[in-house]
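The values are calculated or read from the model by the stated rules, or taken from the named source; none is laboratory data. All of these numbers come straight from a predicted model, not from anything done at the bench. Heads up, the Cβs are rebuilt from the backbone with ideal geometry, glycines too, and the neighbour counts pull from every protein chain shown. When the accessible area is computed, the model is the full protein with side chains, heavy atoms only, and any ligands, DNA or RNA have been set aside. Shrake-Rupley method; radii C 1.70, N 1.55, O 1.52, S 1.80 Å.
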Amino acid sequence: MENYHDYMVRAMAADKQIRAFAITSKDLVEYAKNIHSLSHLATAALGRLLSAGLMMGDMLKSKEDLLTVQFMGDGPLKHLLVTADYNGNVKGYVSNPSADLPLREDGHLDVGKGIGNGNLTVIRDFHMKEPYSSTIPLHSGEIADDLTYYFAQSEQIPTSVGLGVLVNKDGSVSCAGGFIVQLMPFTKQEVIDKLSDNLNNIPTVTEMLREGKSIEDMLRIVLNGFDIEFTGSKDVRFYCGCEERKDNIIATVGKDELNEMIKEGKEVETSCAFCEKKYKFSVEDLIRIRDSLKD
Ligand code: ZN
């Protein structure tokens, strides 16, 4: 995808007692908004989750691993799903992309109400190993909050997640990004106290990005008073890659549905949920795909 300026960084601070990630994701959120025709609310919600997914993907151990985060709620957005890898690729969708709600009293998009009550599931697919999956109830539906609880409950890692997407009146994305800071098990109490003091006093992610702060600056603000060592930087992008696995797009309907389609005897057109790319399948394709499925 052309003209991408999005990237993320990772850092260690306080003598390796803190690890931190930060991302700017304006271009890829704008791209997602355009391909999925997202409402302002859906842009904010999916943009936050795409940003978080990329940082969580950066925590994976190997190039082949995949991370999937899904929010299933009873709010109008219904279902959000994001998949990221270790290489800075992310894709995702909202099941109800046109859902919108009135702004909150403070003028912000009401992502919490948009998602509502429900569950958050994180799945890690390891190459050649059993996937790891964990589900927790949603805390606020604001995404950053919910992920903070996920890390505390499911991974026992004290974590603070900050995410923000600012949508202009015309629906374009003004800025998007976020940070994740985590405490290592041996962190001293004075470091914990100082960091929580910082987190209570920093501007929001969108305030920092809108002022033109870089993500390195954002981490310097979050980790003010600590020594910081930047340990990596990665370009990030919205990338689906379904061309290589296009049979899977139609195979997900299952054998019975495929048999129905074959009986109809017509070419079937369907689109990829992640990137909206359209694919056509001939009856011969459908038969081949059905026969490749296990019972
Ligand atoms: Zn696709």
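Is it true that some residue in region 36-43 is of a type in the set (Gly, Ala, Ser), within 16 Å of the ligand (Cβ to nearest atom) and open to solvent by 10 Å² or more (accessible area, probe 1.4 Å)?
The answer is yes; a qualifying residue exists.
Conditions (1) surrounded by fewer than 16 Cβ atoms within 10 Å (Cβ to Cβ); (2) touching a Ser or Thr at 6+ places or on another chain (Cβ under 9 Å); (3) among the β-branched types (Val, Ile, Thr); (4) modelled with pLDDT under 95, marked per residue:
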position: Asp227; (1), (2), (3), (4): yes, no, no, no
position: Gly232; (1), (2), (3), (4): yes, no, no, no
position: Asp235; (1), (2), (3), (4): yes, no, no, no
position: Lys246; (1), (2), (3), (4): no, no, no, yes
position: Ile249; (1), (2), (3), (4): no, yes, yes, yes
position: Thr252; (1), (2), (3), (4): yes, no, yes, yes
position: Asp256; (1), (2), (3), (4): yes, no, no, yes
position: Asp291; (1), (2), (3), (4): yes, no, no, yes
Practice item. Go through region 244-264 and count every residue that is closer than 25 Å to Ser37 by Cβ and more than 15 Å from the ligand (Cβ to nearest atom). Key: 1
Point to revise | Pick from region 54-92, criterion buried (at least 22 other Cβ atoms within 10 Å of the Cβ) and within 16 Å of the ligand (Cβ to nearest atom), ranking: nearest to the chain's Cα centre (by Cα) | key: Val82
Review point. In region 133-140, is there at least one residue being open to solvent by less than 30 Å² (accessible area, probe 1.4 Å) and under 21 Å from Ser62 (Cβ atoms)?
Key: yes
Review point. Ala273 is checked against (1) small (Gly, Ala, Ser); (2) without any contact (Cβ under 8 Å) to a residue 60 or more places away in the chain; (3) within 16 Å of the ligand (Cβ to nearest atom) and fails just one. What number does that condition carry?
Key: (2)
Study note, to complete from the structure: By residue number, the members of region 249-270 that are without any contact (Cβ under 8 Å) to a residue 40 or more places away in the chain, farther than 18 Å from Val90 by Cα and not charged (D, E, K, R) are Ile250, Thr252, Val253, Gly254, Leu258, Asn259, Met261, Ile262, Gly265, Val268, Thr270
Check your understanding: For region 7-18, what are the residues that are over 14 Å from the mean Cα position of the chain (by Cα), open to solvent by less than 50 Å² (accessible area, probe 1.4 Å) and on the phi < 0 side of the Ramachandran plot?
Key -> Val9, Ala11, Met12, Ala13, Gln17, Ile18
Point to revise | Candidates Glu207, Glu216, Glu267, Glu284, filtered to the one that is away from the ligand (no atom under 16 Å from the Cβ) and out of contact with any strand residue (DSSP E or B) (no Cβ under 9 Å at 6 or more places or on another chain) | key: Glu284
